[in-house]
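Enquirer: This is the structure I have questions about; it appears just below.
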């Protein structure tokens, strides 16, 4: 029989009290309570404070504690202009976007945000708007009218990734556009044309998942951008579209979406490969994502009903008592 020492290289320590600061994976025997204990890493999506206005296909970005969601499609089915700001568990109203729209790219922070493209008044749009923490104002227009494009970067160094065009016919695009705070210019093309979700920065971004219209053609492809060109990397474990994501080029989380059916699956990328993580409590698609791979927000979406649900990804270690069964 293999012993713990052979596996870990050390014996299980016997102590009369629990260690003051146990490390993940540490195991010990408490001689006072006569039980075997260990420090375990736990990660889960937990219910957060709901947003005020139900929506899906909403723009979202920011940090785990200071985030924003804007526009999207509300009930009973029209595009909306409403913005809501998140501050450590509380949602409050922000300034309305200038043009009601949904399903476009977004990036930045709550006080320096950027939204671009989407399903606007005439289907696809080139519209860009910038947020200063109080109000939205027009920015430079995308060179290509599109929707379902991914977003990454900041207000002054943004990235629009892939998407769907409607001229001369509805089709996926592999185009990338880079924003310098006033003007969009062409960047390197994706290897796989599709709608996509993005994360990271303009010079170090990820594109993952998506769809190739017409029809439901869920993609598992993932690519990495270095500021000039895209490189194909390990694919998602579950092909899906209308998902959300958050993080950096080397540490991203992807969650929700449509396979079909609608899914609650969550996956994490560590710079090399994707692994399955804790599933959302509520399966949904067309949701907003903000935060980091370790502390993310899943905002609203469709279940398929229009939702106000917000979930927060929390992670940490906890002391576990081992018992026999």
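The values are calculated or read from the model by the stated rules, or taken from the named source; none is laboratory data. Small disclaimer: the values here were computed from a predicted structure and weren't measured. When we count neighbours, we look across all protein chains shown, and the Cβ atoms used for this are built from the backbone with ideal geometry, even at glycine.
Enquirer: For the range 129-149, what are the residues that are in contact (Cβ under 8 Å) with a residue 60 or more places away in the chain and assigned to a loop (DSSP other than H, G, I, E, B)?
Expert: Once the filter is applied, which keeps residues that are in contact (Cβ under 8 Å) with a residue 60 or more places away in the chain and assigned to a loop (DSSP other than H, G, I, E, B), the range 129-149 yields only 148.
Enquirer: Going by the structure shown, is residue 164 buried (at least 21 other Cβ atoms within 10 Å of the Cβ) and out of contact with any helix residue (DSSP H, G or I) (no Cβ under 8 Å at 6 or more places or on another chain)?
Expert: yes
Enquirer: Shifting gears a bit: Quick test for you: out of 283, 315, 298, pick the one residue that is outside any loop (DSSP other than H, G, I, E, B) and at pLDDT 95 or above.
Expert: 298
Enquirer: Could you pull out the residue among 162, 187 that is touching a strand residue (DSSP E or B) at 6+ places or on another chain (Cβ under 9 Å) and on the phi > 0 side of the Ramachandran plot?
Expert: Result of the check over 162, 187: 162.
Enquirer: Let me confirm something: among 188, 158, which residue is in the same structural domain as residue 143 (by TED's automatic domain parsing), under 18 Å from residue 61 (Cβ atoms) and either at pLDDT 95 or above or assigned to a loop (DSSP other than H, G, I, E, B) (or both)?
Expert: 158
Enquirer: Considering only the range 263-284, state which residues are farther than 18 Å from residue 301 by Cβ and surrounded by 19 or more Cβ atoms within 10 Å (Cβ to Cβ).
Expert: Within the range 263-284, 268, 269, 274 qualify.
Enquirer: Give me a count of the residues in the range 236-262 that are surrounded by fewer than 20 Cβ atoms within 10 Å (Cβ to Cβ) and part of a loop (DSSP other than H, G, I, E, B).
Expert: Looking only at that region, the number is 8.
Enquirer: Scanning for something in contact (Cβ under 8 Å) with a residue 24 or more places away in the chain and under 21 Å from residue 285 (Cα atoms), does the range 227-235 turn up at least one residue?
Expert: Scanning the range 227-235 turns up at least one residue that is in contact (Cβ under 8 Å) with a residue 24 or more places away in the chain and under 21 Å from residue 285 (Cα atoms).
Enquirer: Looking only at the range 302-310, decide whether some residue is part of a strand (DSSP E or B), closer than 16 Å to residue 48 by Cα and more than 10 Å from the chain's Cα centre (by Cα).
Expert: yes
Enquirer: For residue 182, indicate whether it is assigned to a loop (DSSP other than H, G, I, E, B), in the same structural domain as residue 137 (by TED's automatic domain parsing) and touching a residue at least 24 places away in the same chain (Cβ under 8 Å).
Expert: yes
Enquirer: Quick one: would you say residue 141 is within 20 Å of residue 99 (Cα to Cα) and either surrounded by 21 or more Cβ atoms within 10 Å (Cβ to Cβ) or in the same structural domain as residue 193 (by TED's automatic domain parsing) (or both)?
Expert: yes
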